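Take a look at this one; I'll ask things after.
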There are 2 protein chains.
Amino acid sequence: MANDDTKEPLLLGSQETGAQKAKRHLNQRRFLRSRSAPDIDHAPLVTNDSESIPLSESIFGILHPSLKKVAIYLMVYLGVGAIIFYLVRNQIKGLKTHRFLDAIYFTIVTMTTVGYGDLVPDSDLTKILACAFVFSGMALMGIILSKAADYLVEKQEVLLVKAMHMHEKVGPSEILKELEMNKTRYKFFLVFSLLLILIIVGTIFLVTVEKLEIIDAFYCVCSTITTLGYGDKSFSTEAGRIFAVFWILTGTICLAQFFLYMAELNTESRQKALVHWVLTRKTTNFDLEAADLDHDGVVGAAEFVIYKLKEMGKISQEDISLVMKEFEQLDIDQSGTLSVSDITLAQSS
Amino acid sequence: MANDDTKEPLLLGSQETGAQKAKRHLNQRRFLRSRSAPDIDHAPLVTNDSESIPLSESIFGILHPSLKKVAIYLMVYLGVGAIIFYLVRNQIKGLKTHRFLDAIYFTIVTMTTVGYGDLVPDSDLTKILACAFVFSGMALMGIILSKAADYLVEKQEVLLVKAMHMHEKVGPSEILKELEMNKTRYKFFLVFSLLLILIIVGTIFLVTVEKLEIIDAFYCVCSTITTLGYGDKSFSTEAGRIFAVFWILTGTICLAQFFLYMAELNTESRQKALVHWVLTRKTTNFDLEAADLDHDGVVGAAEFVIYKLKEMGKISQEDISLVMKEFEQLDIDQSGTLSVSDITLAQSS
């Protein structure tokens, strides 16, 4: 699963790679960028993006590359699932509505691990197929969680900040700055609002179309978005299953994203507390000695930055040693600093 | 949920805070530590640990504090769940065995979101209770995933490396070094092995005790560890449900951990590729200019380290600006460097 060049964190929405993080940061902060910031946007990144696929003319053309990729995966998964379970429909027992609709509904219920049990495999073949689809479905859900959801949320954040400051006059740069400061909090509120809407819409739908009692409808909603899926209440009508195909997918992803952002908020507040402590504690002579990387008796600005960032846990001794090794190679005249002459020497050798 | 001082990432096993990461790194590498490493072990970390709870004499005394906390949460959750669902047992319908056992089995099936549906709520009260338990259960599963599992795996890793090098003579420091280099890979293999064992044990158990066909047993195992839980096959005997209480919990956590480590391996390999690119690309005059933090025309070792780490995406311009601000405050004589005299001046003022 996902063993091509698109390798990505599966379950961790926020565990993006350094390259992505740097890219995102730079994209958001281009207007703030100091002249010491590396020009990573133009760096030949090691990973290929799917932009080489000539799909830009198609319906996916307007989407972000990573979102496009996820959309393609999802469609392939659902398409293959629907066709396969349509072909073996006689080996699936339970409450049936429309043939093809049931196949895609069964694929969604399996992929999201909701597993109501209103439709269950009834042969060895379909049981093995269900096993294969649930494992690959979990991986796909992870990819969706880590890529698409984050991207969509980022798109909507600007609207949210705008809406929250409707009475004030704020320019786009103020909005970006505000977003930057409280990014995770906005993401959290956005996903929380979306979750509430999905819960309300789902409950109303189950009451009106599936004719459930209101408590039963809410219970079915909770049982679905958490992927619990006892299955005593589920979508039993044709209209219900059409709705379910879209609603189950968004609902389960939305709740998972909600928990992820809650965790992120948590981590962030701990991280902020540590940063605050590192920056406000008294600097002692011992600190100076420890921070003096080149042992010249004084601590330069850059040495101080490295020392403090290491204390914050943002970088490790390994990271530093690795770069120091390259520095020593580049410092051909062994002056302890890199100058234009070192570069010239390196180019001529 | 978890709204006390133990606030922790919920779903992200690897999203530890900087403090934890720094602490872990330092613990593992104490023998490697250079004199420039900050003495974070002795720093008054801002978060309180539960060590202040006088439980060290009890059965949990031998456990790691964070593991102890998770164990307590889990026991409270299961205890409360078992008691509540025991009290409302007449409002739960389905296949019943032993009263109290069914209550705890129902709690586990709900908490892990397996939701077979062999036991289902049969009143408004129990439906609302199930909703409450599945949401808090998801949060608890996240906490378990992020803390206990990681800790247990780390404990077992040393044994794994030892076993893999049985024919060679390796000392404890070589083992630690090897572990450090391939940490994620070892974690992944360990969890994968554990998962295989759990799948095999579960299948054998279902065949022998629950008298299922082998395919059905395997299908029930897959359906359970993925939390799919269609419910056509589940644990229906008293012995089966005793086994299920332990096996479902470990199985679901193990599979989730497996996916997390797979994602981590992925992220790591992308990160390594970026680091490699950053370290091997040609340094140009443009780089020198960009890296020259103090604008003195040459690039010192520390400036070079900062420039490269920023290029790797490990630190951001914000991180640097934040520390630079503190540096400027500390540099009382405005010499551009911190020396003992700055510290003395700061203390006297």
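The values are calculated or read from the model by the stated rules, or taken from the named source; none is laboratory data. Fair warning: this is a prediction, and the values are worked out from it, not measured in the lab. Glycine also receives a Cβ, built like all others from the backbone with ideal geometry; neighbour counts cover every protein chain displayed. These accessible areas exclude ligands, DNA and RNA; they are computed on the full protein's heavy atoms, side chains included. Shrake-Rupley method; radii C 1.70, N 1.55, O 1.52, S 1.80 Å.
Just to be sure I understand, how many residues within segment B:264-285 are among the basic types (K, R) and closer than 18 Å to A:D342 by Cα? It would help to see each step written out before you state the result.
Restricting attention to segment B:264-285, the residues satisfying the condition of being among the basic types (K, R) are B:270, B:272, B:281-282.
Filter once more, so that each one left must be closer than 18 Å to A:D342 by Cα: B:281-282.
Looking only at that region, the number is 2.
I'd like to verify a number: residues in segment A:234-245 that are within 26 Å of B:Y116 (Cβ to Cβ), open to solvent by 10 Å² or more (accessible area, probe 1.4 Å) and assigned to a helix (DSSP H, G or I), how many? Break it down stepwise before answering.
To start, the set of residues in segment A:234-245 that are within 26 Å of B:Y116 (Cβ to Cβ) comprises A:234-237, A:240-241, A:243-245.
Subsequent filtering for residues that are open to solvent by 10 Å² or more (accessible area, probe 1.4 Å) retains A:234, A:236-237, A:243, A:245.
Filter again for assigned to a helix (DSSP H, G or I), leaving A:243, A:245.
So the answer is 2.
Let me ask something else. Can you tell me which residue is nearest to B:A263 (Cα to Cα) among those in segment A:100-132 that are open to solvent by 20 Å² or more (accessible area, probe 1.4 Å) and within 26 Å of the chain's Cα centre (by Cα)?
By that ranking, first place goes to A:A132.
Which residues, taken from segment A:259-272, are buried (at least 21 other Cβ atoms within 10 Å of the Cβ) and more than 8 Å from chain B (Cβ to nearest Cβ)?
Listed by number, the list holds a single entry, A:Y261.
Within segment A:149-169, track down each residue that is open to solvent by 30 Å² or more (accessible area, probe 1.4 Å) and charged (D, E, K, R).
A:E154, A:K155, A:K162, A:E168, A:K169
Right, another one. For segment A:179-233, how many residues meet the condition of being surrounded by fewer than 21 Cβ atoms within 10 Å (Cβ to Cβ), farther than 20 Å from A:F259 by Cα and of a type in the set (K, R)?
1
A further question follows. Would you kindly identify the helices (runs of 4 or more DSSP H) lying entirely within segment B:260-349 that contain at least 2 residues that are farther than 21 Å from A:E326 by Cα and within 38 Å of the chain's Cα centre (by Cα)?
Values: elements: B:285-291, B:301-311, B:317-330, B:340-348.
Qualifying helices (runs of 4 or more DSSP H): B:317-330.
Scan segment A:323-349 for residues that are exposed (fewer than 15 other Cβ atoms within 10 Å of the Cβ), closer than 19 Å to A:L293 by Cα and not acidic (D, E) and jot them down.
A:K325, A:Q329, A:Q334, A:S335, A:G336
Here is a follow-up. Would it be correct to say that B:R89 is under 22 Å from A:K233 (Cα atoms), open to solvent by 20 Å² or more (accessible area, probe 1.4 Å) and either touching a Lys or Arg at 6+ places or on another chain (Cβ under 8 Å) or within 14 Å of chain A (Cβ to nearest Cβ) (or both)? Let's see the steps before the verdict.
On the way: under 22 Å from A:K233 (Cα atoms): yes; open to solvent by 20 Å² or more (accessible area, probe 1.4 Å): yes; either touching a Lys or Arg at 6+ places or on another chain (Cβ under 8 Å) or within 14 Å of chain A (Cβ to nearest Cβ) (or both): yes.
Yes; evaluated as a whole, the condition is true for this residue.
Return the total of residues in segment A:113-135 being under 12 Å from B:S223 (Cα atoms) and either of a type in the set (F, W, Y) or outside any helix (DSSP H, G or I) (or both). Before the answer, list the steps.
In the first step, residues of segment A:113-135 are kept if they are under 12 Å from B:S223 (Cα atoms); the result is A:113-117, A:120-121, A:127-135.
Subsequent filtering for residues that are either of a type in the set (F, W, Y) or outside any helix (DSSP H, G or I) (or both) retains A:113-117, A:120-121, A:133, A:135.
So the answer is 9.
Can you find even one residue in segment A:82-99 that is of a type outside the set (D, E), farther than 15 Å from A:L129 by Cβ and assigned to a helix (DSSP H, G or I)?
For segment A:82-99, residues of a type outside the set (D, E), farther than 15 Å from A:L129 by Cβ and assigned to a helix (DSSP H, G or I): present.
For segment A:136-148, check the following and say yes or no: at least one residue is open to solvent by less than 10 Å² (accessible area, probe 1.4 Å) and not in a helix (DSSP H, G or I).
So far as segment A:136-148 goes, no, none of its residues is open to solvent by less than 10 Å² (accessible area, probe 1.4 Å) and not in a helix (DSSP H, G or I).
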